[in-house]
Amino acid sequence: MANKLLSAIEDGVFLSAGSVPVVIEGIEHTYDTGDSLPSESAHNSHELLYLRDGEIELSVDGGGKMKLGKGSTIVIRPLVKHRLVVKSGKADMLNLYFGFIHDTKELSAAREGIGNMPENKPEKSKNAGPSVAIPGSMAQISLESFLKFADLGLTEDNEMTSHPCFIVTGSEKTEISHLAERIVSEMKSSRYSKELMIQTLTVELMINLSRAMRNEWEENIRVKTGKAKELVAIARQYMDANFDQGVTVAQAAQYVFLSQGYFTRAFVHEMGISPMNYLMKKRIERACSLLENNEIKVSAISLQSGFSSPQRFNVAFRKLMGMTPMEYRKLHLK
């Protein structure tokens, strides 16, 4: 009975999309700061990285460097080279490798690899990717093309296809991480109808990814068509009035009911500068004005300018002005 249901699911997806999604392997990693990590890795499959705990710096060819914290989820496309560095004491992550297969022969081969997974895989495996063979054709089908032809939400041309990775944001992020955990749990188990459950969860994962990507696409459209212009203007006024109170980019985004990622893109599009740099510039301008008064201590100026500590103030001031606050004061007074 379970095999018939699984075949029905596969046949339905094959008919609509010409391919079927399959998870190749799920691997759990725990890295310490001092661990030796692969200098570079790339795979034929898509890679979903969910950071359970810790902080890492991920470098993606064509996507630059990004810092990921606890709860971050990112999808890296096939054949894209990437590297990671552990920034915190320990990083606990889950890597899910998935792709799309054209025929049942490739699907059977992939499933055979899943079935032969080591039952007691070391928690600190230094493997740079999946331990099973990945069909080369998996790299030929993009996530967007599958989601579009399978009618899973992406019905318009999506320019995000050219991006080497996709950071999952919004309400779907939690659901996607939960699905990844459940898929890995099923792979490790010997439960009844294990194959059917894995395939069902994989389809559900694709649906949630399509929702997250469509939301991202719609937000980009809103930014480019100018619909976010008014909200950015309101947020900028809020930042101008509160930058010296330590207001953050997240708080500014919440003030106009936008996600931080969407707000940042909209702000850059309208202002030509990131909201973080905008706040920093406002604070340094205030600090320069206060430094002209020799009676105000530098430590007091840092707080009056919106910095959380004199140390942060000194670093930011030197970076932007090319000198320390005291050097600026002496130069101005002289």
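Under the combined filter of DSSP loop state and at most 15 neighbouring Cβ atoms within 10 Å, region 256-330 retains these trypsin sites (Lys or Arg not before Pro): 297. Using the Cβ-Cβ distance between residue 140 and residue 189 with R0 set to 35 Å, the FRET efficiency from 1/(1 + (r/R0)^6) comes to roughly 0.65. Subtracting the Cα-Cα distance of residue 131 and residue 87 from 0.36 nm times their residue separation leaves 13.3 nm of extension gain. Mind checking which of 306, 267, 325 is farthest towards the positive end of region 229-333's charge dipole, using Cβ charges of +1 (Lys, Arg) and -1 (Asp, Glu) about the Cα centre? Among 306, 267, 325, the one farthest towards the positive end of the dipole of region 229-333 is 325. On the beta carbon distance between residue 59 and residue 182, with R0 = 35 Å, the FRET formula returns roughly 0.75.
Seen through its C-alpha gyration tensor, with square-root eigenvalues sorted a ≥ b ≥ c, region 229-333 comes out prolate because a/c lies at 1.5 or above while a/b is bigger than b/c.
Taking a sphere under 10 Å around the Cβ of residue 197 and counting the other residues whose Cβ falls inside, with K and R at +1 and D and E at -1, yields a net charge of +1. For residue 294 and residue 248, a Förster radius of 30 Å and the Cβ-Cβ distance give a FRET efficiency of 0.45, rounded to the nearest 0.05.
Laboratory data are not the source of any read-out in this text; all were calculated from the coordinates shown. All values reported here derive from a predicted model rather than from experimental measurement. Note that each Cβ is placed from the backbone with ideal geometry, even for glycine, and that neighbours are counted across all protein chains shown.
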